[in-house]
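> Quick one: this structure, given as C-alpha cells, is what I'll be asking you about.
The values are calculated or read from the model by the stated rules, or taken from the named source; none is laboratory data. Computed from a prediction, not measured in an experiment: that's the story for all the values here. Using ideal geometry, Cβ is built from the backbone for each residue, glycine included, and neighbour counts are taken over all protein chains shown.
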Amino acid sequence: MTRFDPSGPLRGALRPPSDKSISHRAALIAAMGEGTVQVNGYLDGADTLSTLAAVEKLGAKVVRERNSGSGAVDPPGLTVWIEGVGLRSARSAEIDVGNAGTLLRLLPGWLSGQVGQEWTLDGDESIRRRPVDRISVPLREMGADLSAREERLPPLQIRGARLRGITYEMPIASAQVKSCLLFAGLLAEGETRVVEPLPSRDHTERMLAAAGASIERHGDAVAVRPVERLEPEDLLVPADISSAAFFLTAAALIPGSEVKLEWVGVNETRTGLLTILERMGAQIEREKEFEIGGERVATLRVRTSSLQATKVGGAEIPLAIDELPLVALAACFAEGTTTIRDAEELRRKESDRIETVTAALRALGGKVEPTEDGMVIEGTGGLRGGTIDSHGDHRIAMLGAIAGLASNEGVEVQGMEAAAVSYPGFEQDLALLIVSR
C-alpha cells in the first residue's frame, strides 16, 4: 500500500515523461525502415521497453543510453539508436508484449504481410484478457493468417501471407486499429483505406508520411499504398499529455495551486481533456507553442479553478479516451452532475476502466453510477478518502494518488507500482510540486 495524504498547493514547473504513443510508434517504424534512426527522449517505461525488446527479437539492432535530461532538446528518458530490418525482413520469433496493449495491436499489421515467417505474441495476465478480434477481423479480410485463443484472445499466432488492400469502415474509433491496418497496407497489394467514425490520434499517419510512405487523408478516411522501403527521420519525442493530465487535474482541484508543464505534445487529436476541463471552468493557458517533428508542442499553465459539471460524449471521446478517468475524478469536485457516454472503449483498456474507476471513486466517497458506455457522476464538492485497488492499471494507480492529495482524509493505493508502465518517476515528480502546509 502507498499512502497519499491531503496536500498543500502544487507549485512549480516540470517536463512530464515522453509520449508513450509516439515512443511505441517511433520504435516500430524505425524497425521497419532502412538505416539507423536516433530517437531522443524515448519513454523509459515498462510498455515502451517491451516494444524495444520486440523489435530486437525481430532483428533490429537497438542501442540505448539512459539520459537524466538537461533541457527540452535533451529530455529525460532514453536516447535510442535503432537500425531497421526493412519492411519485409523481420525474422520469426516469440514476442512477449508484457502489458503493452499498443504493441499487441500495432505489431500484427506489419508482421501479417511478411510471407514465410511466423510469430507468436503473448503477454501478462492483463494482456491475455484484452481482445484482438478488432484487428484480426479486418486483417483476415486483407488475407492475413491469424489464430487466437477462443478466436479473440492472446496468444496471437501470425503466419505471414500475401495481403490485399481493402476499404475498412471501423465500427469504433481506435487509433490502434487504424495504425495496425495502415502498417498492413504498406505491404498489401493495392490501396488500403481506413474509414473512421470519429477522428482518433494521428501520430502514425504523421510518422509514416515523414518516413516516405504514400499516405493521404480524404475526409474521414486515411489511405495508404504499398512502398518498397521506409526511411524514417531522427525524432525528438515531446512530453506526454496523458501523463501531464494528472498534474493538470491535480492543480485544478487543489486550492492555491499553479503548475507549469513544459514541452507537452498538444496534437489536436490528443487534447480532448483540455477542452473538457476548460468547459468545466479550469484555468489552463498555452504558452510558447511551436512545432517540432510534425507535432505541436506547448507549455501548459494551470491554476486552481471552481468546476462545473458537463456532458462528455461523441467526437470528444477518442480525443480524451485515456484521460476520461480523470474527468470522472474532476467531476466529483464539480457542481452538478456530469455524464460520460459513448466510451465503451474504456472497457477494453488495461482494466475495465468503467468498472475500476467507478469502484475506486465510490470507495473514496464519490457518487458514481456506471453505464454500459460510460458513467454518471454527481458532484459533491470533494472526496472523503479511503483505499483503492489499481487492478494493475497504471492510470488507476496515478488517479488514486491525485485523489489522495485532493481528498479530505487521504488515499491508500494498492498496486501503485503499476504507474511504472507509463510513468516510472511519477511519485518523485509529484513530490517536487507539493508545497508543505
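Residue-by-condition table, conditions (1) more than 30 Å from residue 304 (Cα to Cα); (2) surrounded by fewer than 24 Cβ atoms within 10 Å (Cβ to Cβ):
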residue	(1), (2)
184	yes, no
191	yes, yes
196	yes, yes
209	yes, yes
230	yes, yes
235	yes, no
252	no, no
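> Something else now. Return yes or no: is residue 352 without any contact (Cβ under 8 Å) to a residue 24 or more places away in the chain and buried (at least 17 other Cβ atoms within 10 Å of the Cβ)?
The answer is yes for residue 352.
> Of all residues in segment 322-360, which are among the hydrophobic types (A, V, I, L, M, F, W, C), assigned to a helix (DSSP H, G or I), under 19 Å from the mean Cα position of the chain (by Cα) and farther than 20 Å from residue 307 by Cα?
Scanning segment 322-360 gives 346, 354.
> Hey, another quick one. Can you tell me how many residues within segment 269-297 are closer than 29 Å to residue 208 by Cβ, out of contact with any Ser or Thr (no Cβ under 7 Å at 6 or more places or on another chain) and touching a residue at least 40 places away in the same chain (Cβ under 8 Å)?
10
> Out of 409, 427, which single residue is in the same structural domain as residue 6 (by TED's automatic domain parsing), touching a strand residue (DSSP E or B) at 6+ places or on another chain (Cβ under 9 Å), part of a helix (DSSP H, G or I) and surrounded by fewer than 23 Cβ atoms within 10 Å (Cβ to Cβ)?
Step by step, each of 409, 427 is checked, and only 427 is in the same structural domain as residue 6 (by TED's automatic domain parsing), touching a strand residue (DSSP E or B) at 6+ places or on another chain (Cβ under 9 Å), part of a helix (DSSP H, G or I) and surrounded by fewer than 23 Cβ atoms within 10 Å (Cβ to Cβ).
> Identify, please: which residue in segment 131-146 is in contact with a strand residue (DSSP E or B) (Cβ under 7 Å, 6 or more places away or on another chain) and buried (at least 18 other Cβ atoms within 10 Å of the Cβ) and is, among those, farthest from residue 177 (Cα to Cα)?
146
> Out of the residues in segment 5-27 that are touching a helix residue (DSSP H, G or I) at 6+ places or on another chain (Cβ under 6 Å) and over 30 Å from residue 404 (Cβ atoms), state the one that is surrounded by the most Cβ atoms within 10 Å (Cβ to Cβ).
Among them, the one singled out is 27.
> Out of the residues in segment 166-216 meeting the condition of being β-branched (Val, Ile, Thr) and in a strand (DSSP E or B), tell me which one is nearest to residue 135 (Cα to Cα).
Step by step, filter segment 166-216, then rank; the result is 194.
> Given the structure, is residue 230 assigned by TED's automatic domain parsing to the domain that holds residue 314 and hydrophobic (A, V, I, L, M, F, W, C)?
It is false that residue 230 is assigned by TED's automatic domain parsing to the domain that holds residue 314 and hydrophobic (A, V, I, L, M, F, W, C).
> Can you give me the ranges of the helices (runs of 4 or more DSSP H) entirely in segment 236-320 with at least 2 residues that are touching a strand residue (DSSP E or B) at 6+ places or on another chain (Cβ under 7 Å)?
241-253, 272-280
> Which ones in segment 202-226 are aliphatic (A, V, I, L, M), over 30 Å from residue 16 (Cα atoms) and touching a helix residue (DSSP H, G or I) at 6+ places or on another chain (Cβ under 9 Å)?
213, 215, 222, 223, 224
> Only one of these is closer than 30 Å to residue 220 by Cα and either in contact (Cβ under 8 Å) with a residue 24 or more places away in the chain or outside the structural domain of residue 195 (by TED's automatic domain parsing) (or both): 160, 116, 123. Name it.
160
> With the checklist (1) under 30 Å from residue 406 (Cβ atoms); (2) of a type outside the set (Val, Ile, Thr); (3) not assigned by TED's automatic domain parsing to the domain that holds residue 429 in hand, flag the one item residue 260 doesn't pass.
Only one criterion in (1) under 30 Å from residue 406 (Cβ atoms); (2) of a type outside the set (Val, Ile, Thr); (3) not assigned by TED's automatic domain parsing to the domain that holds residue 429 is unmet by residue 260, namely (3).
> Still on this structure, please answer the following. Which condition number in (1) at pLDDT 95 or above; (2) over 21 Å from residue 60 (Cβ atoms); (3) surrounded by fewer than 21 Cβ atoms within 10 Å (Cβ to Cβ) is the one that residue 118 fails?
So residue 118 meets the others, but not (2).
> Inspect segment 198-207 for any residue being surrounded by 16 or more Cβ atoms within 10 Å (Cβ to Cβ), among the charged types (D, E, K, R) and under 27 Å from residue 356 (Cα atoms) and give the result as yes or no.
Checking segment 198-207: at least one residue is surrounded by 16 or more Cβ atoms within 10 Å (Cβ to Cβ), among the charged types (D, E, K, R) and under 27 Å from residue 356 (Cα atoms).
> Could you say which residue among 59, 45, 84, 12 is within 27 Å of residue 271 (Cβ to Cβ) and either of a type in the set (Lys, Arg) or outside the structural domain of residue 266 (by TED's automatic domain parsing) (or both)?
Step by step, each of 59, 45, 84, 12 is checked, and only 45 is within 27 Å of residue 271 (Cβ to Cβ) and either of a type in the set (Lys, Arg) or outside the structural domain of residue 266 (by TED's automatic domain parsing) (or both).
> Related question: Go over the candidates 105, 140 one by one and state the one that is part of a helix (DSSP H, G or I) and more than 23 Å from the chain's Cα centre (by Cα).
140
> Would you be able to say whether some residue in segment 96-111 is under 25 Å from residue 164 (Cα atoms) and either surrounded by fewer than 21 Cβ atoms within 10 Å (Cβ to Cβ) or in the same structural domain as residue 392 (by TED's automatic domain parsing) (or both)?
No, the conditions are met nowhere in segment 96-111.
> Here's something else I'd like to know. Looking at 159, 149, 128, which is the one that is closer than 22 Å to residue 87 by Cα, surrounded by fewer than 21 Cβ atoms within 10 Å (Cβ to Cβ) and of a type in the set (Lys, Arg)?
One residue alone meets the criteria, 159.
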